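So the structure is just underneath, and the comments pick up after that.
None of the figures in this text is laboratory data; all of them are computed from the coordinates on show. Please read all numbers here as calculations on a predicted model, not as lab measurements. A quick note on method: Cβ atoms are made from the backbone with ideal geometry, for glycine too, and the neighbour counts reach across all protein chains shown.
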Amino acid sequence: MKREFNVIIDRDTDGYFVASVPNLAGCHTQAKSLDELIERIREAIALCLEFEDEQDSLDFLGVNKLILTY
């Protein structure tokens, strides 16, 4: 079965790449390189799918940028 997932990728202040999958609760990982990150998020997705029936999944709606001024 083929499934597609949206993956959000950020870089933290220490230089690590962080990936998360909004449709799968708790599905996230981090790595020093993008290649390693892609490999790790594939593994994380596979693990999350094993337990998907036990969790409520979310429908991805989009990404918004919020700018706060204080």
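Only helices enter the 222 nm calculation for the chain: every DSSP H run of n ≥ 4 contributes -39,500 (n - 2.57), and dividing by all residues gives -8000 deg cm²/dmol, rounded to 500. Summing Lys, Arg as +1 and Asp, Glu as -1, what charge do residues with Cβ under 14 Å from the Cβ of R42 carry, R42 excluded? Result for the neighbourhood of R42: -3.
Contact order for the chain, expressed relative to its length and based on alpha carbon pairs under 8 Å spaced 6+ residues apart, stands at 25 percent.
Between beta-carbons, use under 9 Å as the cut-off and find the net charge around T29, counting Lys and Arg +1, Asp and Glu -1.
Charge balance near T29 sits at 0.
Of the residues T69, H28, I9, the one whose Cα sits farthest toward the positive end of the charge dipole of the chain, with +1 on the Cβ of Lys and Arg and -1 on the Cβ of Asp and Glu, is T69. Considering only trypsin sites (Lys or Arg not before Pro) in DSSP loops that have at most 12 other Cβ atoms within 10 Å, the longest stretch of the chain without any of them is 33-64. Computed from phi, the 3J(HN,Hα) profile of the range 45-51 under the Karplus parametrisation 6.51, -1.76, 1.60 (θ = phi - 60°) reads 4, 4, 5, 5, 5, 4, 10 Hz, with x in place of Gly and Pro.
Short to long, the 5 Å bins of the Cα pair-distance histogram for the chain hold 3, 15, 23, 22, 18, 11, 5, 2, 0, 0 percent of all pairs.
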